[in-house]
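Undergrad: Following this message is one structure expressed as structure tokens.
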Amino acid sequence: MTERTVSLAEKKSIIIDFLQRCNHYSDKMLEKYQSPLTQEAPQKVHDWTIYKEFNEYAINELNSDDLDDWFK
């Protein structure tokens with residue numbers, strides 16, 4: 001059995017896809033907490049917004065060559 005080498009572009013694409021799926025989930029959570037007027041809702045909206053912004057930042061770094069050294 002031969003071992004397949006995954007290219008840098010494929011590795012980055014896999015991680016970007018994962019982060020985009022995380023952001024899709026966070027969109028659902030934001031919708032959930034933006035609707036009800038519960039005491040915890042403002043903190044949950046803040047937390048999910050920060051989480052999504054962090055993922056977007058990571059996706060932008062992966063789309064550049066900033067993190068390429070991490071894959072070596």
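What follows draws every value from the coordinates through simple rules; no lab data is involved. From a predicted model like this one, the values you see are computed outputs, not experimental measurements. Cβ placement follows ideal geometry from the backbone for every residue including glycine, while neighbour counts extend to all protein chains displayed.
Undergrad: Please report, in debye to the nearest 20, how large the charge dipole of the chain is about its Cα centre when each Lys and Arg carries +1 at its beta carbon and each Asp and Glu carries -1 there.
TA: That gives a dipole near 320 debye.
Undergrad: If you stretched the chain out fully between Y25 and S7, how much longer would it get, using 0.36 nm times the residue separation minus the C-alpha to C-alpha distance?
TA: 3.7 nm
Undergrad: Can you compute the helix-only [θ] at 222 nm over the chain? Use -39500 (n - 2.57) per DSSP H run of at least 4 residues, normalise by all residues, nearest 500 deg cm²/dmol.
TA: -24500 deg cm²/dmol
Undergrad: What GluC sites (Glu not before Pro) in the range 37-72 are in a loop by DSSP, with at most 13 other Cβ atoms within 10 Å of the Cβ?
TA: E40
Undergrad: Stretch K32-D69 to full length: gain in nm at 0.36 nm per residue minus the Cα-Cα span?
TA: Contour length minus Cα-Cα distance gives 9.5 nm.
Undergrad: Only loop residues by DSSP count here, and only those with at most 10 other Cβ atoms within 10 Å; note down the trypsin sites (Lys or Arg not before Pro) in the range 1-42 that meet that.
TA: Passing both the DSSP loop test and the Cβ count: R4.
Undergrad: What is the count of Lys pairs in the range 7-72 whose alpha carbons sit under 27 Å apart, if the two are 8 or more places apart or on different chains?
TA: Lysine pairs meeting both conditions in the range 7-72 amount to 12.
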